[in-house]
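The values are calculated or read from the model by the stated rules, or taken from the named source; none is laboratory data. None of these values were measured; they are calculated from a predicted model. Cβ sites come from the backbone with ideal geometry, for glycine too, and all protein chains shown count toward neighbours. Quick note on the areas: whole protein, heavy atoms, side chains included, nothing else; ligands and nucleic acids left out. Shrake-Rupley method; radii C 1.70, N 1.55, O 1.52, S 1.80 Å.
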Amino acid sequence: MIKKEMIAMLLAGGQGSRLGVLTAKVAKPAVAFGGKYRIIDFPLSNCINSGIDTVGVLTQYQPLRLNAHIGIGIPWDLDRNVGGVTVLPPYEKSNSSEWYSGTANAIYQNLAYMDSYNPDYVLILSGDHIYKMDYEVMLDYHKANNADVTIAAMPVPMEEASRFGIVVTDEKNKITDFQEKPEHPRSNLASMGIYIFSYKVLKEALLKLSNQPGCDFGKHIIPYCHENGKRLFAYEYNSYWKDVGTLGSYWEANMELIDIIPVFNLYEEYWKIYTKSDALPPQYVADTAKIEKCIIGEGSNIYGEVYSSVIGCGVTVEEGAVIKDSIIMKGAVIGKNTKIDKAIIAEDVVIGDNCIIGEGEDVPNEKEPKIYSFGLATIGEGAVIPDGVTIGKNVAITGVTTIEDYDNGVLASGKSLIKAGEV
Amino acid sequence: MRAIGIVLAGGNNKNMKELSIKRAISAMPIAGSYRSIDFALSNMTNSHIKKVAVITQYNAKSLNEHLSSSKWWDFGRKQGGLYVFTPTITSENSYWYRGTADAIYQNISFLKSSHEPYVVIASGDGVYKLDYGKVLEYHIEKKADITVVCTDLPKGDDVTRFGALKLNDDMRITDFEEKPVETDATTVSTGIYIIRRRQLIELLEKAASEDRHDFVKDILIRYKNIKRIYGYKMESYWNSISSVEAYYRTNMDFLKREVRDYFFNQYPEVFSKVEDLPPAKYNQGAEVKNSLISSGCIVNGTVENSVIFKKAYIGNNCVIKNSIILNDVYIGDNTYIENCIVESRDTIRANMRYVGEEGEIKVVLEKNERYTL
């Protein structure tokens, strides 16, 4: 009989709409991060490094890139005879067909997958956090407390606590109460969206709440378990953890990698982060180049100047270009003498010569002030920017743009230029 | 493809000096991200050869690590695969491989149990791209018994390191001299051969029965007038790394845009083992000019006209000029290195100075303990 002590269920179906044009064509977990990775590499690597070799990845929104990236799990050593990685999209059933309507609903629809491994424990993860965590230690903690549910939680500054789901605990870390984005938080322990359930408890709750519309872990399953007298514990986590849900936090997390000794260190032998990568040549740095405080991916060609930036694989920065405080993803081309300041340039973007990006006043975006703020210029995957245009701050651009799309060659701060399809 | 492949990767060479202590030539790191044998193996897979044997003997540890999985070159298929043959003692034989022909002869069952009509033999120390399919077409068209891939060396290059060839107008080989003392030939063998499988079995068995063990001396040269041995001229980039100078020059060639374009950007691609290394990191004070930097490197100092392999750490105020820093080297602060090759996994102390000469490249091989510095 097949038996796995603990399996992981990784929620990777969300759009991550607060990442704006970055997630127009890909699900958030598939967004590039840190030069050569994708966000989902972090939880997947954590799984294999923690000895979890059975991972169900629940996909829904724009899964193509994610599917191609995961494949059969070879980069994470998750290609197994028994277990390994399985991509779980929503599927048609004989009497009903529905999308995943909530985080717990997605798990509920895959009870058969979990049953097939006969697990004692199920680890619920989300595919949009940057961190290194040993889930095995968390499982030990779960067992030691004889817990039904263990929730990973980290202390946040009290003044920020009202942005999070807060757990209130007693002196033994047993959870006594929950507060969802409370005005007056009674604790500063924020839930990280990482749960270990004893499988019986999880299954019972999922079945009981199967008719709950949009069944969600935070809103329904956890409160249900709490109300029914289950033993809920908080597992305090004190290392680096970052929710990269907004453009600002995404940019910040990338920039933290270039610190002299980054808090989140990718260069340690221990706890490696794995990713699918091609056999790429080294990067070439030309005579005319200047690079300081950067990380740069394989196969890039740098002829221009790059400062305090995160550059992906296979990027070309032409002579005379100056890039500062920016994220440039895989395969992008930056034309000659183009100046870029504080921008996020997605995969395969082509930027012409003599452009200026990120210049002007920090005025909020007209259409989506909540998404495009932080003073960042964001250019979506595959976009083309013609020669000689000036682009402001808090802008969003997608599609193949031509000089006619720009007002006198200028896209002022706070404007959006969305071509070739909606976002 | 109607051929199987054999890569001869067992050799060592005195001309590699200290660099050969650690590894066979075929495992020498090339161009930042590759090892020498990647080129032969990538050519095999890109030519759709599915079954490849790598024959190793001399210090194969690095090579075996590199070949730990066949998936990097897409060989691990149900049909075919990547085989590594090291010398073994059998009831009939207790010798090491006594030469290239003997190495294949000792594994003759590999040839006998295959069904493909042809065999491509390549050596693991060549840096080149070649479609062996094209050579095979030529081989069939010429009705050759053996086809030897050859190339013209540029003027001034040392022919005496190679097998020197003379061809007639039909490209049949009329003269073949292995590492001649003196010659006026400019065409050399690249160590790549195509031969019909049954013909090879026959020639190897014959040679073995006469106690002859070398493929070049005892088969190619000995049979050059009896068998139809043809040359196939290769016009594209080819370099063999069988000496320190040649190794240095081959790596430095990759600083030229046309060489990089040819190997890195043009189809078909060169495959290698993928290591899970983070992107290269440039800290404040880094100053890099005309250099190749590989993944996992951390650069704090100055690097000029150099090739830095994977996972190298270059300390503050270091100056690296016209040098090759192999994998996983740690270089302490304020160290000056010029015209050197620094051996892999080496640890260089701070405030050191290593200077080689142009034409007399220095191999740096320190045995410092990294964690006691």
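For this structure, a couple of remarks:
- Kirkwood hydrodynamic radius over Cα pairs of region A:336-423, then Stokes diffusion coefficient at 20 °C and 1.002 mPa s, in µm²/s: 173 µm²/s
- When +1 charges are put on Lys and Arg Cβ atoms and -1 charges on Asp and Glu Cβ atoms, the dipole computed for chain A relative to its Cα centre reaches about 1040 debye.
- Working value for region A:245-334: equivalent-ellipsoid semi-axes of 21, 16, 13 Å, each the square root of 5 times a Cα gyration tensor eigenvalue, largest first.
- Surface accessible to a 1.4 Å probe, residue A:18 within the full protein complex, Å²: 120 Å²
- Length gained when the stretch residue B:114-residue B:370 is fully extended (0.36 nm per residue, less Cα-Cα span): 87.3 nm
- Sum of side-chain charges, residue B:206 neighbourhood, beta-carbon under 12 Å (Lys, Arg +1; Asp, Glu -1): -2
- Rounded if a/c under 1.5, otherwise prolate or oblate - region B:281-373, Cα gyration tensor axes: rounded
- Within 10 Å of the Cβ of each residue in A:298-308, the mean number of Cβ atoms contributed by other protein chains is 3.
- Remark: for residue pairs A:4/A:230; A:419/B:281; A:93/A:367; B:17/B:256; A:293/A:393; B:134/B:311, the C-alpha separation exceeds 28 Å in A:419/B:281; A:93/A:367; B:134/B:311.
- Expected 222 nm ellipticity per residue - DSSP helices of 4 or more, -39500 (n - 2.57), all of the protein assembly as shown, to 500: -4500 deg cm²/dmol
- Scanning chain B for GluC sites (Glu not before Pro) that sit in a DSSP loop and have at most 15 other Cβ atoms within 10 Å, the longest stretch containing none of them is B:93-181.
- Look at the Cα gyration tensor of region B:133-209: its axes a ≥ b ≥ c give a/c of at least 1.5 with a/b at or below b/c, and that counts as oblate.
- Charge context of residue A:414, other residues only, Cβ under 12 angstrom, K/R +1, D/E -1: -1
- Nitroxide proxy distance, nm - points 7 Å out along Cα→Cβ at residue A:15 and residue A:361: 3.1 nm
- 10 Å Cβ neighbours from other chains, averaged over peptide A:270-280: 4
- Computed over neighbours whose Cβ is under 15 Å from that of residue B:34, the net charge equals -1, Lys and Arg +1, Asp and Glu -1.
- For region A:33-86, the alpha carbon convex hull comes to 79 Å³ per residue, rounded to a whole number.
- Length-normalised contact order of region A:267-332 in % [C-alpha pairs under 8 Å, at least 6 apart]: 24 percent
- 10 Å binning of all Cα-Cα separations within region A:102-223, expressed as whole percents from 0 upward: 12, 41, 37, 9, 0
- Think of each Lys and Arg Cβ as +1 and each Asp and Glu Cβ as -1; about the Cα centre, that makes the dipole of the protein assembly as shown roughly 2040 debye.
- Acute angle (nearest 10 degrees) that the helix A:199-208 long axis makes with the longest principal axis of chain A, alpha-carbon atoms: 90 degrees
- Backbone N under 20 Å from the residue B:77 label point (7 Å along Cα→Cβ), restricted to region B:117-143: B:117-122, B:130-137
- Residue (of B:332, B:291, B:354) at the positive-pole extreme of region B:287-373, dipole from beta-carbon charges: B:332
- The simple Förster model, with R0 at 22 Å and r as the Cβ-Cβ distance, assigns residue A:186 and residue A:249 a FRET efficiency of 0.30.
- Axis of helix A:247-256 versus longest Cα principal axis of chain A: the two differ by about 80°, to the nearest ten degrees.
- Average partner coverage of A:74-83, which counts Cβ from other chains inside 10 Å: 1
- Pairs from the list A:25/A:242; B:51/B:142; B:155/B:273; B:71/B:321; A:36/B:50; B:61/B:129 with a Cα-Cα gap above 28 Å: B:155/B:273; B:71/B:321; A:36/B:50.
- What the Cβ-Cβ distance of residue A:98 and residue A:168 gives, at R0 = 45 Å and to the nearest 0.05, is a FRET efficiency of 0.85.
- Coordinate range along principal axes, alpha carbons of region A:269-423, Å, largest first: 45, 35, 26
- Residue A:294 - accessible surface, heavy atoms, 1.4 Å probe, Å² rounded to 10: 0 Å²
- Between the beta carbons of residue B:228 and residue B:184, assuming R0 = 35 Å, the FRET efficiency works out to 0.90 to the nearest 0.05.
- nm² value of the averaged projected area, convex hull over the Cα atoms of chain B: 19.4 nm²
- Helix B:132-141 axis versus longest C-alpha principal axis of chain B: approximately 20°, rounded to the nearest ten.
- Gyration tensor verdict on the protein assembly as shown (Cα atoms; rounded if a/c is under 1.5, prolate if a/b is larger than b/c, oblate otherwise): prolate
- Working from label points 7 Å from Cα in the Cα-to-Cβ sense, the residue A:210 to residue B:12 distance is 6.9 nm.
- Gyration tensor over the Cα atoms of region A:160-212: the corresponding equivalent ellipsoid has semi-axes (square roots of 5 times the eigenvalues, largest first) of 25, 14, 9 Å.
- Label point distance in nm, residue B:261-residue A:336, each placed 7 Å from Cα along Cα→Cβ: 1.5 nm
- Neighbour cut-off at most 12 other Cβ (10 Å), DSSP loop, trypsin sites (Lys or Arg not before Pro), region A:224-265: none
- Alpha-carbon Rg/Rh ratio, for chain A, with Rh computed the Kirkwood way: 0.99
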